[in-house]
Amino acid sequence: MSDSTTKDNQASLNGAEAMVKLLEAYDVKYIFGLCGDTTLPFYDALYRLDHGITHILTRDERSAGYMADGYARVTGKVGVCEGPSGGGATYITPGVIEANESSISVLSITSDVSVTSLGKYPLTELDQDALFKPLTKWNGVINHPDRLANMVRAAFRAMTTGRPGAAHLGFPFDVQKADIKADDIWAQAEHGTFPSWRSGPDPESLEAAATAILGSSNPVIVCGGGVVLAGAESVLAAIAEHLNIVVATTISGQGSLADSHPNCLGVVGSNGGVAATREVIDAADTVVYLGCRAGSVTTARRRSPTRSARIIHFDSDPMAVSANYKTDVAVIGDLRLSLEALLKTITESSDNTKSDFNGAAIVAKAKQIKFDEFSALAESKQTPICPEQVVADLNKAAPSDAIIVADPGTPCPYFSAFYQVPHAGRHFISNRAHGALGYSLSAAIGVQFGKPDNKVFSIMGDGSFGFTSGELETLARYDLPITCLVFSNSVFGWIKAGQKSGFEERYYSVDFNRTDHAAVAAAYGVKSWTVSEPEKLLEVLEEAIAYPGPTLVDILCQPLQDANAPVSEWVA
Ligand SMILES: Cc1ncc(C[n+]2csc(CCOP(=O)(O)OP(=O)(O)O)c2C)c(N)n1
Ligand SMILES: [Mg+2]
């Protein structure tokens, strides 16, 4: 890059170069994206400058968004994706909205037609401002070079402070080529990670929460994604142990406490919850939500907990509190700061007689019932292979540092309910905001770039495979040692299960042909296996995990509508 030093020393640089320098200043290490005409100056700046950023070429902008999301979830750094004007901008949107609704900091940059050509019908013209407005926490098209640096800083500030979220910057072709003053290139560095600029709770609300919890007879904690997001796992464990209280989670809240922790009840709600764990929530006189929206799936459409339970809700976003349940005590603030303050308050409380809520015993009883039923099926060796066996065998074969990325369909409820991770932290990821099929492979790729030393799995249904198979090329090109599992059942099984349970088995437009997923993977250069015999599964999984490159295991599986799925409602 011979001219990069010369350019770096100039008093002005062009817009594309300024963007690269700003991203570098925010310590961005990866950009996931796909090229286009209006992006040429930006790519040229990435080519010429010396910046320490690696561009990961994807095969679809949807994947770029999901990769940035997966990367951000495991690193706590802002994930960056990019695509071109028009089709690239419209294709990148699913990852942006998924990240935004999941409180994950993802910056999407889409190039745009020149500001001066607007209204003259240039190819790919699109009102990007309007498109991204409902999908992001903050968005804007950089319509003047003088606004560039400030808008980039605003995007990072918005993404990482308060409730984290996604941002979009439209980047017109002529602004990429326009002159920018070098002295405007600076970053507020702490906005490269999230959550940043944490703020603590009102001490009075905290006192009220502590008093309400200690005054309960049968309280439970339900954690959403906020605990892991805030890095509050160890203080939560200390609270759980001090109070011996039951800790349940939502699907997104997995990892708040290790699955092996005696107080960890596991996932509750209509997807991933089972009757035995739901009973624990229904029996609670107080439910303490931590960083949780208490939405339709978590609460089984507002039936669990019951309306009579007292609700205490901790969240950094006041809009999530009291959205579904009248709330007795709201504690608004960063989860880690709030829980640290709560721990201090309850350990200093004189009312220590009430600080044993018998949680470990309640959890042990419910889990015994849940896993007795699960193990019988997992060990049944029935054909087609039942999802229980897939979870159990992977749990046996996978290393304990594994990170599982699961698509909707069979993977999400089964892995949420039954896969046991012996550590707290981000070991399970699923796209719970919109649940779009085809998320997991790309998100797993982003995860692997963020956590190069962890074993990463993408678990998908065959419907999801159809959405994402092009990205097997990316997997092969970067030679990432991710193992993909496909639940092959030749059906959009989740929907068929809904037709079975709610529409008297009037099966309509849900079945499709079997694809030889292993052959498709092999064609992309991914080592693959097909498994139809239950006795072979564990051995193949072990072989796939030991293989140093990308692998895929295609499993002929019991269709979801016939399985004993941990799902109580098929319509969320
Ligand atoms: C993009 C998108 N379109 C439609 C849906 C609705 N949907 C939810 S689950 C599901 C079926 C999933 O099928 P598959 O991936 O084969 O998994 P299975 O249920 O068969 O295990 C569908 C169509 C969705 N979640 N995302
Ligand atoms: Mg299927």
At least 1 residues that are within 16 Å of ligand 2 (Cβ to nearest atom) in each: list the helices (runs of 4 or more DSSP H) lying fully within segment 351-436 that qualify. 387-397, 411-418
Quick check on my filter: what residues within segment 446-467 are more than 16 Å from ligand 2 (Cβ to nearest atom) and within 27 Å of residue 495 (Cβ to Cβ)? 457
Quick test for you: out of 39, 75, 110, pick the one residue that is hydroxyl-bearing (Ser, Thr, Tyr) and closer than 29 Å to residue 427 by Cβ. 75
Return the residue satisfying two criteria in turn: it lies in segment 461-507 and is more than 12 Å from ligand 1 (Cβ to nearest atom), among the aromatic types (Phe, Trp, Tyr) and farther than 17 Å from residue 449 by Cβ, and of such residues it is surrounded by the fewest Cβ atoms within 10 Å (Cβ to Cβ). 503
Can you tell me which residue in segment 417-437 is nearest to residue 260 (Cα to Cα), limited to those that are within 14 Å of ligand 1 (Cβ to nearest atom) and under 13 Å from the mean Cα position of the chain (by Cα)? 430
Return a yes/no flag: does segment 269-282 have any residue that is surrounded by fewer than 21 Cβ atoms within 10 Å (Cβ to Cβ), on the phi > 0 side of the Ramachandran plot, assigned to a loop (DSSP other than H, G, I, E, B) and touching a helix residue (DSSP H, G or I) at 6+ places or on another chain (Cβ under 8 Å). no
Per the filter on segment 353-412, residues touching a strand residue (DSSP E or B) at 6+ places or on another chain (Cβ under 9 Å), surrounded by fewer than 19 Cβ atoms within 10 Å (Cβ to Cβ) and either hydrophobic (A, V, I, L, M, F, W, C) or assigned by TED's automatic domain parsing to the domain that holds residue 222 (or both) are 358, 360
Output the number of residues of segment 541-553 satisfying the condition of being assigned to a strand (DSSP E or B) and more than 16 Å from ligand 1 (Cβ to nearest atom). 1
Based on this model, can you work out whether residue 347 counts as more than 21 Å from the chain's Cα centre (by Cα), farther than 28 Å from residue 221 by Cβ and more than 13 Å from ligand 1 (Cβ to nearest atom)? no
Residue 169 vs. criteria aliphatic (A, V, I, L, M), outside any helix (DSSP H, G or I) and either assigned by TED's automatic domain parsing to the domain that holds residue 102 or without any contact (Cβ under 8 Å) to a residue 40 or more places away in the chain (or both): yes
Of (1) farther than 30 Å from residue 367 by Cα; (2) surrounded by fewer than 22 Cβ atoms within 10 Å (Cβ to Cβ); (3) within 16 Å of ligand 1 (Cβ to nearest atom), residue 556 satisfies all except one. Which? (1)
Report yes if residue 510 is more than 20 Å from residue 406 (Cα to Cα), of a type in the set (A, V, I, L, M, F, W, C), within 16 Å of ligand 1 (Cβ to nearest atom) and at pLDDT 95 or above, otherwise no. yes
Just to be sure before I move on: is residue 443 in contact with a Lys or Arg (Cβ under 9 Å, 6 or more places away or on another chain), over 15 Å from residue 517 (Cβ atoms), in contact (Cβ under 8 Å) with a residue 40 or more places away in the chain and within 9 Å of ligand 1 (Cβ to nearest atom) in the structure I sent? no
Count of residues meeting criterion [under 19 Å from residue 544 (Cβ atoms) and either assigned to a loop (DSSP other than H, G, I, E, B) or not assigned by TED's automatic domain parsing to the domain that holds residue 429 (or both)] in segment 456-511: 5
Can you find even one residue in segment 437-453 that is modelled with pLDDT of 95 or more, of a type outside the set (Lys, Arg) and part of a strand (DSSP E or B)? no
Output for Cβ contacts, cut-off 6 Å, separation at least six or different chains, first residue more than 16 Å from residue 564 (Cβ to Cβ) in segment 400-418, second aromatic (Phe, Trp, Tyr) and surrounded by 24 or more Cβ atoms within 10 Å (Cβ to Cβ), reads 404/415; 404/428; 404/457; 406/415; 407/439
Look at residue 101 and say whether it is at pLDDT below 95 and either in the same structural domain as residue 66 (by TED's automatic domain parsing) or over 24 Å from the mean Cα position of the chain (by Cα) (or both). no
Are any residues in segment 390-399 without any contact (Cβ under 8 Å) to a residue 60 or more places away in the chain and of a type in the set (A, V, I, L, M), and if so, which ones? 391, 392
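The values are calculated or read from the model by the stated rules, or taken from the named source; none is laboratory data. Treat the numbers as computed from the prediction; the structure is a model and nothing was measured. All Cβ positions, even for glycine, are placed from backbone atoms using ideal geometry, and neighbour counts span all protein chains on display.
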